[in-house]
Each structure stands twice: as structure tokens, then as C-alpha cells.
């Protein structure tokens, strides 16, 4: 079956729901909130997403180990129609498929984790208030100090799934979502940080616990991405009941002088 652009959300949902944890971000992007910023490519049962709602498009290509070869074929066929510059989240080994067209710059090994033991959350004192659009200036101030360069879309506050702890007028800790889809019953926790001077007090765990308690009412799968070398964060999430389910790499891709596409 040749590669094709796929525009049918029902078809995409059926394929992605075969592994809702691995494909949580893609499932969330089927929602109206993200759908207008997506392009989808399919070959048989394999699906690749190009998200263009950010300054630099983001490519998501995830496959279980047994499907790696099939996903590689799809990615190779899609590569010629991808932008000249983009960022990519790829299952292990898929970066080699794109190396003939792009200069591939690694941006770190990451883990996909999933909340598999929510009972552990009961051992953490949840804390935090729900944030809304009026809290955007305070949230941006926190991110500028504690998490510069994070991926945050102000529209995410409209989900009602950002939880923060204050010290006076300042936010000192926050946990939010990158994706929240009650339609597809998935969420991806993201944009979690604590102000440097407030670290070591357990606030990160408290706001994540509060957020997960809220999410439990609307989703079946809570996931997150974390850098594999961020041992402190990985231990925190494991203490809260998350387990490691897959590894992947993040990469900056650019057609340049060193690529076959530029040379040819």
C-alpha cells in the first residue's frame, strides 16, 4: 500500500488507539483544539504526524519494535514532502532513515512514561489551585526563570488543567498538560517546573499529584515525556506511579550542505 495523506479522524483514531500510550500525543492532536495544525501520512497501519502549530514544525513518528521496519518505509516515502527545517520525535533507529535528506542533530534521549500505579498518588499531599487565562503573566514569569525554552501554548490554560502553587503573588510551582483529550481519553502531562529557590520542598510532586487527580475524571491514560538523563524527574514520576514504557529521541532536522538532498 503506498503512502497517502490521511484526513479521516475516525481512521486515524482506530489506528492510534491500538497503543494509546505510545500514541497519546497524536490522539490528543485529533481534537478540534489541535486538528487544524496537523498533517497526517499513512501507509498501511503506520501513521506519521506533522504538527505545524509551532514556529518550527514538529514530526512525530513512533512505532513499536515489531513495526519499526514498516514505519521506516513510511518515513522514507514521506521525507521528500517534509519541510526543509523541522524538529522530530522518533522511535529509536528512525533517525537513520532521514539522515540521507537532512543534517540530523540529536537533542536528547527521552522516555515516554505512563501512570500505571495511581495508588501511589495517595501517598503524596496534592496541592495547588487551578490556573486560568488571568494567570498567564505569572505563569510566563515562572517559566522564564525556571523553565526557559519549554513548549507552552497559552491556549492550554483554557483546558482547566494547569495547577499551580503560589508564594504571595508569585507562582512557585506548576504542572500542566501538553495534550488533554476527553474524546480520546488521553492526556500528556507537561510544562512541570518549580522556581529554583523553592526546589527541594516536594512542590513538584504535589502539583503533579493534584493535576493527575483532576485528569482521572476525564481520561483513561495519563502519559508524559521526560529526558532520559533527568534522573531527578524520572525518580519523581516513578514515585508518583509512572513507569517507563518506551524510549525515543528528539532531533533538529535541516536540509543542509551535508545532506544528500542538498548535494543532489
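Read-outs throughout are calculated quantities, based only on the coordinates presented, and are distinct from any laboratory measurement. Just so it is clear, the structure is predicted and the values come from calculations on it, not from any experiment. Here Cβ is always computed from backbone atoms with ideal geometry, including for glycine, and neighbour counts include all displayed protein chains.
The slack in the chain from residue 243 to residue 125, taken as 0.36 nm per residue of separation less the alpha-carbon distance, amounts to 40.5 nm.
The helix-only estimate of mean residue ellipticity at 222 nm for the chain, built from DSSP H runs of length n ≥ 4 each weighted as -39500 (n - 2.57), is -6500 deg cm²/dmol after division by the residue total.
For the chain, the relative contact order comes to 26 percent (Cα pairs under 8 Å, sequence separation of at least 6). Here the spin labels are modelled as points 7 Å beyond Cα on the Cα-Cβ line, and at residue 254 and residue 199 they lie 2.9 nm apart. Relative contact order, whole percent, for segment 117-240 stands at 28, derived from Cα pairs under 8 Å and 6 or more residues apart. The simple Förster model, with R0 at 51 Å and r as the Cβ-Cβ distance, assigns residue 99 and residue 134 a FRET efficiency of 0.65. Straightening the chain between residue 183 and residue 235 buys 15.7 nm, computed as 0.36 nm per residue apart minus the Cα-Cα spacing. Note: the chain, Cα convex hull, 126 Å³ per residue. Against the main long axis of the alpha-carbon atoms of the chain, helix 203-215 sits at an angle near 70°. Segment residue 65..residue 5, full-extension length gain: 19.2 nm, with 0.36 nm per residue of separation and the alpha-carbon distance subtracted. Solvent-free Debye calculation, one equal scatterer per alpha-carbon of segment 1-139: log10 I(q)/I(0) at 0.18, 0.21 Å⁻¹ equals -1.09, -1.34.
Of the two radii for segment 167-264, the radius of gyration is 1.12 times the Kirkwood radius, both from the alpha carbons; that is the Rg over Rh value. Seen against the Cα atoms of the chain and their longest principal axis, helix 136-146 is set at about 80 degrees.
With Cα atoms as the point set, segment 29-90 shows a radius of gyration and Dmax of 11.7, 33 Å. Taking only the alpha carbons of segment 117-240, we obtain Rg and Dmax values of 13.4, 39 Å in that order.
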